[in-house]
Amino acid sequence: MDERWWETGVIYEVYPRSFADTDADGIGDLRGVIEHLHYIASLGVDGIWLTPFQPSPGVDQGYDVSDYCDVDPLFGTLADFDELLADAHALDIRVLVDLVPNHTSVDNERFIAAVAAGPGSPERELFHFAQGRDPQTPPNNWLSVFGGPAWSRVAPDSADDTQWYLHLFSPAQPDWNWRNPAVGDYFEGVLRFWLDRGVDGVRVDVAHGLFKTEGLPDSEVVPTVIDGLRSNPLAMDQEPVHDVYRRWRRVAEEYRPPRLLVGEVNLIPARSARYTRADELHQTFAFSFARLGWEPDQWLEVGRELDAVRREYGASPTWALENHDLVRSVTRFGGGERGLARARAGLLSVLGFPGGAYVFQGQELGLPEVDVPLDARKDPMWFRGGVSRDGVRVPMPWTRSTDRHHGFVPEGAVTPPWLPTPDWWGENAVDVQEATDESTLHLFRTAIATRKRLLADGVFAADEGAEWSLADDGLLVCRRDRGAMIAVAMGDNPAVLPEGQVVLASAPQMDGRLPADAAAWIIPD
Ligand code: TEU
């Protein structure tokens, strides 16, 4: 595959904690990924993105990283990671790791040293420490994305140290002060550490964060996570952040082959596209699409917007419908049979629209969101903001049988999985779906294989744009520049397909029509 493989690549997001447990602690680990690499290879994907496995107290399930250049014993060792990388490469699977530069963990040695060094020390300049308006009132009115104030007192009971520290996420995740050049130098080292180890790229967490408006003034808009793409304009998307990605891009290009930088930039297309200018990140996830429900007008609008910014910035869309933060598409699209039919159509959509695509573990099985019992929830966003992401993170069902918690834990394990699985979990298991051509897993594998064939034949190509339309009967059509069409029946009734050869469909046609809630790939005769 060529050096810019990601432009048409499909990447499978692995959330190691919930993938496969081999050491019987109820938590998935790197060896669990190693043991299932053949499964991943069988999907036909080009790479995996591993969410954080670095040392962490685990308050935000690993996104509170305390040591950026090691492996948490919970997940294994650096030697396990090297083995995973070598085995993946042997199977032609590329590996991306997650880099979390906006914030760290209160357990990071630099933060511990900063707290100990006291107000006014150079150690505190690595973070955002500030005096409150008074001992009970934080320095400004910003809210944390997870709910509640974005500031906590360093030592709530101390009369000497009355400073607060900024955390856009949980209080366990202090934000770095990127205006201090030492932070930029430090992260270049972290980036090189993983690239030198041989990883094929990094996914950058909250990539539009990092820099805050100088002086940290009050903001008129202090939205929380429920506001989706809206974010505190003073805390995110600040101009100097682009220099960070220019610097990282130069680093990525030093390697052979060049490494991939993909950013989690949760902004509207016109803003996120600026992060993929020619000398910055290679990709940003198309969040404005990823968050949509089954809403044809919005698919049309967002599809057109993404195409417009592609033309303006050369920012080819990077499609996704699911990740470890979003509600499963089956559930978001209405749940039950209908939600599943739509999620299958959604899968064909993201794999058919021009650009790269990311899928989340379990999406290939059409897993629905789980309503995790209140007393079993672990997400800090649930405790602070009342929104739980636990339901998308329930461990993978490998087998129908409930033995070994559907194959998630090893033989003889007594510790249950870190999140409980519901009674019906086995219905969606991998072994059930391997046994039938009707399954979502089968559809997924077929779609990837078809995509590869169409790419090889030049029917699909990198750098293609698309024209988007929506017919009165609810048929959404994304017509790729070279003529192939991705049609999605989003109305209430079966829809008449455009002329051409149907090479793939998520449901059988009825009297030459595509049933509602289905998608098809059509190539012109
Ligand atoms: O997510 C960043 C982020 O903005 C999330 O709060 C997102 O908007 C929300 O989860 C959507 O429902 C990243 C990680 O993907 C997430 O898991 C972490 O909790 C967060 O950063 C903090 O590191």
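The values are calculated or read from the model by the stated rules, or taken from the named source; none is laboratory data. This is a predicted model, so every value here is computed, not measured. Ideal geometry is used to build each Cβ from the backbone, glycine not excepted, and the neighbour counts take in all protein chains shown. When the accessible area is computed, the model is the full protein with side chains, heavy atoms only, and any ligands, DNA or RNA have been set aside. Shrake-Rupley method; radii C 1.70, N 1.55, O 1.52, S 1.80 Å.
Quick notes on this one:
- Three-way shape call for segment 131-193 based on the alpha-carbon gyration tensor, with the a/c threshold at 1.5: prolate
- Karplus-derived 3J(HN,Hα) values for segment 353-368, using 6.51 cos²θ - 1.76 cosθ + 1.60 with θ = phi - 60°, are 4, x, x, x, 9, 10, 10, 9, 3, x, 5, 5, 9, x, 5, x Hz; glycine and proline are entered as x.
- Annotation: amide H-H contacts under 5 Å for F285 (H modelled 1.01 Å from N, sequence separation of 5 or more, or interchain): G263, V265.
- On the beta carbon distance between T402 and M510, with R0 = 45 Å, the FRET formula returns roughly 0.75.
- Ranked packing of 181-191, 513-523, 364-374, most packed first, by mean Cβ within 10 Å: 513-523, 364-374, 181-191
- The charge dipole of segment 405-493, taken about the Cα centre with unit charges on the Cβ atoms of Lys, Arg (+1) and Asp, Glu (-1), comes to about 420 debye, rounded to the nearest 20.
- Residue-span extension gain [D2 to I268] - 0.36 nm each, minus C-alpha spacing: 92.8 nm
- Expressed to the nearest 5 percent, the antiparallel share of DSSP beta bridges inside the chain is 55 percent.
- Placing unit charges on the Cβ atoms of the charged side chains and taking the dipole of segment 351-455 about its Cα centre, the candidate lying farthest along the positive direction among L419, P380, G356 is G356.
- Student exercise, segment 314-448 dipole from Lys, Arg, Asp, Glu Cβ charges, in Debye to nearest 20: 480
- Each Cα pair under 8 Å and six or more residues apart adds its separation to the average, and for segment 113-153 the resulting relative contact order is 20 percent.
- Packing-based ranking of 146-154, 108-116, 410-418, 92-100 yields 92-100, 146-154, 108-116, 410-418, ordered from highest to lowest mean Cβ neighbour count within 10 Å.
- Between H36, V59, P135, the Cα set farthest toward the positive side of the dipole of segment 36-166 (charges on each charged residue's Cβ, about the Cα centre) is that of P135.
- Under a 5 Å amide H cut-off, with hydrogens placed 1.01 Å from N, S152 pairs with Y165, H167 among residues at least 5 apart or on other chains.
- Annotation: amide H-H contacts under 5 Å for W176 (H modelled 1.01 Å from N, sequence separation of 5 or more, or interchain): H103, T104.
- 3J(HN,Hα) from dihedral phi, segment 272-289, Karplus parametrisation 6.51/-1.76/1.60, rounded to Hz, x for glycine, proline: 5, 4, 5, 7, 10, 4, 3, 10, 10, 5, 7, 9, 9, 5, 7, 5, 4, 7
- The phi-based Karplus calculation (6.51 cos²θ - 1.76 cosθ + 1.60; θ = phi - 60°) puts the 3J(HN,Hα) values of segment 144-159 at 6, 4, 8, x, x, x, 8, 10, 10, 5, 4, 9, x, 9, 8, 8 Hz, whole numbers, x for Gly and Pro.
- The chain, relative contact order in percent, only Cα pairs under 8 angstrom and at least six apart counted: 13
- Ranking of R259, R179 by solvent-accessible surface, largest first: R179, R259 (1.4 Å probe, protein heavy atoms only, all chains present).
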